[in-house]
1. Please work out if Leu17 is over 20 Å from Arg137 (Cβ atoms) and either assigned to a loop (DSSP other than H, G, I, E, B) or modelled with pLDDT under 90 (or both).
2. Hey, could you check the range 121-155 for residues that are aromatic (Phe, Trp, Tyr) and within 19 Å of Val27 (Cβ to Cβ) and say which is most open to solvent (accessible area, probe 1.4 Å)?
3. Does Gly56 satisfy the criteria of being of a type outside the set (A, V, I, L, M, F, W, C) and out of contact with any Cys (no Cβ under 9 Å at 6 or more places or on another chain)?
4. Quick check on the range 28-45. Is at least one of its residues among the polar types (S, T, N, Q), open to solvent by 20 Å² or more (accessible area, probe 1.4 Å), in contact with a helix residue (DSSP H, G or I) (Cβ under 8 Å, 6 or more places away or on another chain) and not in a strand (DSSP E or B)?
5. So if I check each of Val61, Val24, Val93, which one is in a strand (DSSP E or B), closer than 23 Å to Lys136 by Cα and either among the charged types (D, E, K, R) or under 13 Å from the mean Cα position of the chain (by Cα) (or both)?
6. Taking Ala5 and the conditions (1) open to solvent by 30 Å² or more (accessible area, probe 1.4 Å); (2) among the hydrophobic types (A, V, I, L, M, F, W, C); (3) over 28 Å from Ala120 (Cβ atoms), which numbered condition does it fall short on, given that it satisfies the others?
7. Go through Val68, Val93 for me and flag whichever is open to solvent by 10 Å² or more (accessible area, probe 1.4 Å), among the hydrophobic types (A, V, I, L, M, F, W, C), closer than 22 Å to Glu26 by Cβ and modelled with pLDDT of 95 or more.
8. When Leu158 is evaluated against the numbered criteria (1) over 20 Å from Arg79 (Cβ atoms); (2) among the aliphatic types (A, V, I, L, M); (3) open to solvent by less than 80 Å² (accessible area, probe 1.4 Å), which criterion, by number, is the only one it fails?
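The values are calculated or read from the model by the stated rules, or taken from the named source; none is laboratory data. Bear in mind the structure is a predicted one, so any value in this text is a computation, not a measurement. For neighbour counting, all protein chains shown are included, and Cβ atoms are generated from backbone atoms with ideal geometry for every residue, glycine included. Please note that ligands, DNA and RNA were not included when accessible areas were found on the heavy atoms of the full protein model with its side chains. Shrake-Rupley method; radii C 1.70, N 1.55, O 1.52, S 1.80 Å.
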Amino acid sequence: MSEIAIRRATKSDAAALAKLLREVGEVHAKGRPDIYCDNPAKFDESSAAELIGGSGSLVMVAEADGNVVGETICRIVTRKGDGFYRPRKWLYVDDLCVTESMRGSYAAEKLMKAAEKYAAECGCASVELNCWAFNKRAARFYEKCGYAPQKTEYEKILRNRKGE
């Protein structure tokens, strides 16, 4: 098995990042076709490059044999206290993907550990993310990494799955 290295993404990773985000889109389109478009692209190569070069997000990639095989997109969120909520700062994992052929290689675990390390260095109180109910594999992965459900969102679908 190839050695997995985790590093910050560079603009030269934009095409690989866009490809991984298409894989994420396919999972979501299959799981919730009423919400996600067929062949959804969260970012194309150009917008992925902007994300990598922009402020406010941390984009990390997993690399094996010189190829990008995984990614995570994170951002720090800060909330001021308002008399109801306490002030707090956390790292939100907006996206995590490892290409199908590399699942089981510990790339995802290494990406999450890198995100957790970054969060701790930035003084965050926690690392948070969401996981769709249909994505049982991801839920098992996050629980294996020590994550626990924080809250549950409910819905009642009033139209068929394609939104017609």
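1. On the way: over 20 Å from Arg137 (Cβ atoms): yes; either assigned to a loop (DSSP other than H, G, I, E, B) or modelled with pLDDT under 90 (or both): no.
No.
2. Within the range 121-155, the subset aromatic (Phe, Trp, Tyr) is 132, 134, 141-142, 147, 154.
Remaining after also requiring within 19 Å of Val27 (Cβ to Cβ): 132, 134, 141-142, 147.
Numbers: Trp132: 82, Phe134: 63, Phe141: 36, Tyr142: 29, Tyr147: 43 Å².
The qualifying residue most open to solvent (accessible area, probe 1.4 Å) is Trp132.
3. Spelling it out, Gly56 is indeed of a type outside the set (A, V, I, L, M, F, W, C) and out of contact with any Cys (no Cβ under 9 Å at 6 or more places or on another chain).
4. yes
5. Val93
6. (3)
7. Working: Val93 fails: open to solvent by 10 Å² or more (accessible area, probe 1.4 Å).
Result of the check over Val68, Val93: Val68.
8. It fails just one condition, (3).
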